[in-house]
Amino acid sequence: MKKHDCALFDLDGVIVDTAKFHFLAWKKIASTFNYDLTSNDNEQLKGISRSDSLQIILKMANTVIEPSKFEKYLAQKNLDYLDFIKDLGPEDILPGIFETLIFLNKRKVKIGLGSASKNAEVILSKLGLTSFFGIVIDGNKVNKSKPHPEVFLRGSSALGVAPEKCLVFEDSASGIISAKAAGMTAVAIGDPDKFLNEDFCYPDFMSLVQNDLDKLF
Ligand code: B16
Ligand code: MG
């Protein structure tokens, strides 16, 4: 198996299970359009920016809103989301992540974050993980959200590692497409039926750690 010099982590759904809080906050917004957002619908929103997510929900709900209201819904969704995650802490780091970060540090593998979230810095800080990351590329720093490769290309460039030596950990179909479009190795975390073009897939991060971490870096 090819060895990699850089690991780029997605945040929501890989490092911490904030996906359920995005879902709850969007469900509340969707209910104001009389639409019952399902967990199946929510799969389409994973890895997608806040404003693109609202566009998708409006289509699902077959609803048109005044352009002036668009930003208000985005702000309300984020207020609700921040309230849901207010007590987030190191105990919420998903199993296998902390061990992997320590392992990568020991191997001198560069570590970056590539997230669509504009709340990424806040969340990393709440989890106590900020110091592990040589670069954080988040929703505030990219012009084009996943599945565009920009987020991961910016990460590899900032860390000075060629894309083919980078490996991406992702839980969303759009994020896997983004990683492959960037020319990187894409490791999917979750149900293989959800992904199209990943290189490897593990049901959860712990099974990756227990079986293959050593072979990847
Ligand atoms: P925010 P990731 C993504 O994070 C989430 O998967 C997605 O559901 C969310 O809409 C997006 O961040 C934007 O998040 O509203 O906090 O800016 O998976 O790319 O780490
Ligand atoms: Mg994710």
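Please pick out the residue among G47, G96 that is touching a Ser or Thr at 6+ places or on another chain (Cβ under 7 Å), under 30 Å from N211 (Cβ atoms) and within 16 Å of ligand 2 (Cβ to nearest atom).
Working: G96 fails: touching a Ser or Thr at 6+ places or on another chain (Cβ under 7 Å).
Of the residues listed, the single one that is touching a Ser or Thr at 6+ places or on another chain (Cβ under 7 Å), under 30 Å from N211 (Cβ atoms) and within 16 Å of ligand 2 (Cβ to nearest atom) is G47.
Counting only residues that are loosely packed, with under 15 Cβ neighbours inside 10 Å, give me the helices (runs of 4 or more DSSP H) lying completely in region 85-167 with at least 3 of them.
Details: elements: 97-106, 120-127, 150-159.
So the answer is 97-106.
Can you pull out the residues in region 14-24 that are modelled with pLDDT under 95 and within 7 Å of ligand 2 (Cβ to nearest atom)?
A19 - this is the single residue of region 14-24 that is modelled with pLDDT under 95 and within 7 Å of ligand 2 (Cβ to nearest atom).
Among M184, M206, which is the only one that is in contact with a Phe, Trp or Tyr (Cβ under 7 Å, 6 or more places away or on another chain), more than 26 Å from S51 (Cα to Cα) and either hydrophobic (A, V, I, L, M, F, W, C) or away from ligand 1 (no atom under 16 Å from the Cβ) (or both)? Spell out the reasoning first.
Values: M206 fails: in contact with a Phe, Trp or Tyr (Cβ under 7 Å, 6 or more places away or on another chain).
None of the other options fit; the residue is M184.
Residues D204, D199, D193: which one is farther than 19 Å from I111 by Cα and touching a Ser or Thr at 6+ places or on another chain (Cβ under 8 Å)?
Values: D204 fails: touching a Ser or Thr at 6+ places or on another chain (Cβ under 8 Å); D193 fails: touching a Ser or Thr at 6+ places or on another chain (Cβ under 8 Å).
From the options D204, D199, D193, the qualifying one is D199.
Return yes when I176 is in contact with a Leu (Cβ under 6 Å, 6 or more places away or on another chain), β-branched (V, I, T) and within 16 Å of ligand 2 (Cβ to nearest atom) and no when it is not. First the steps, then the outcome.
Values: in contact with a Leu (Cβ under 6 Å, 6 or more places away or on another chain): no; β-branched (V, I, T): yes; within 16 Å of ligand 2 (Cβ to nearest atom): yes.
Judged against the criteria, I176 is not a match.
Taking the stated definitions as given, is K108 within 16 Å of ligand 1 (Cβ to nearest atom) and more than 16 Å from the chain's Cα centre (by Cα)? So that I can check it myself, show each step before the final result.
On the way: within 16 Å of ligand 1 (Cβ to nearest atom): no; more than 16 Å from the chain's Cα centre (by Cα): yes.
Taking the combined requirement at face value, the residue does not satisfy it.
The values are calculated or read from the model by the stated rules, or taken from the named source; none is laboratory data. These numbers come from a predicted model, not from an experiment. We place every Cβ from the backbone using ideal geometry, glycine too, and count neighbours over all the protein chains shown.
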